[in-house]
1. Give the Rg/Rh ratio for the stretch 29-69, taking Rg as the radius of gyration of the Cα atoms and Rh as the Kirkwood radius, to two decimals.
2. Given the rule -39500 (n - 2.57) for each run of at least 4 DSSP H residues, summed and divided by the residues of the chain, what is its mean residue ellipticity at 222 nm, to the nearest 500 deg cm²/dmol?
3. Between the helical axis of 106-118 and the dominant principal axis of the chain, each derived from Cα atoms, what acute angle in degrees is found, rounded to the nearest 10?
4. Kindly provide the pair-distance distribution of the chain built from C-alpha pairs, with 5 Å bins from 0 and whole-percent values in order of increasing distance.
5. Would you mind ranking ARG15, ARG117 so that the residue whose beta carbon has the fewest other beta carbons within 10 Å leads the list?
6. Would you mind finding the longest exposed-site-free stretch of the chain, with exposed GluC sites (Glu not before Pro) meaning DSSP loop and at most 10 other Cβ atoms within 10 Å?
Amino acid sequence: MSGILNEIINAKGKRVLDLGCGSGVIGLCCILKDNTKVVFYDLHPNIAPLKNHPLSREQDEVKVQDLCVGEKDESYDLAFMPFPSRSIDRPIAPDSYEMGILRNDDLVFMAFEQVWRVLVSSGEFVFFLSGV
Ligand SMILES: C[S@@+](CC[C@H](N)C(=O)[O-])C[C@H]1O[C@@H](n2cnc3c(N)ncnc32)[C@H](O)[C@@H]1O
């Protein structure tokens, strides 16, 4: 968030993917910095109210799904994703706190593959630690 708000990461005029958006703080910071569009992605349906967030604009989208499967090639300028917290190889109840973490080591490789595809050649992928 501070990287965006302090303009170390330039979001102005960019089409942004906020992968594993949770509360949406990353995408919302991009909106504050006059980006063009944010797509908020998360596996958890609790993100749905982001569509009605006071900062959310007509062009912003909220998608409950796995990463950015289905997005067109070279259609974004900037993508954010938190580093997966840990690996869990068993089913996770949707109401469990475990639902709120990025799981499975393969996810990183899947994300790299998808993100490179949907970013333009000058695009940036910000892969960050959101907690310890
Ligand atoms: C640590 S939270 C990060 C929230 C937010 N980006 C932030 O920085 O505060 C990780 C989020 O990733 C979501 N998530 C886990 N696996 C996912 C997947 N395969 N695709 C999309 N989102 C996923 C979780 O539901 C959770 O909301």
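1. Ratio of gyration radius to Kirkwood radius for the stretch 29-69: 0.96.
2. It lands at -5000 deg cm²/dmol.
3. The helix 106-118 is inclined about 20 degrees to the chain.
4. Final binned percentages: 2, 11, 21, 24, 22, 13, 5, 2, 0.
5. Taking fewest neighbouring Cβ atoms as first place, the list is ARG117, ARG15.
6. With a cap of 10 other Cβ atoms within 10 Å, the longest stretch comes to 59-132.
Each reported figure results from applying straightforward, stated rules to the coordinates on display, with no laboratory input. Since the model is a prediction, treat every value here as computed from it, not as a measurement. Positions of Cβ are generated from backbone atoms using ideal geometry, with glycine treated the same way; all protein chains shown enter the neighbour counts.
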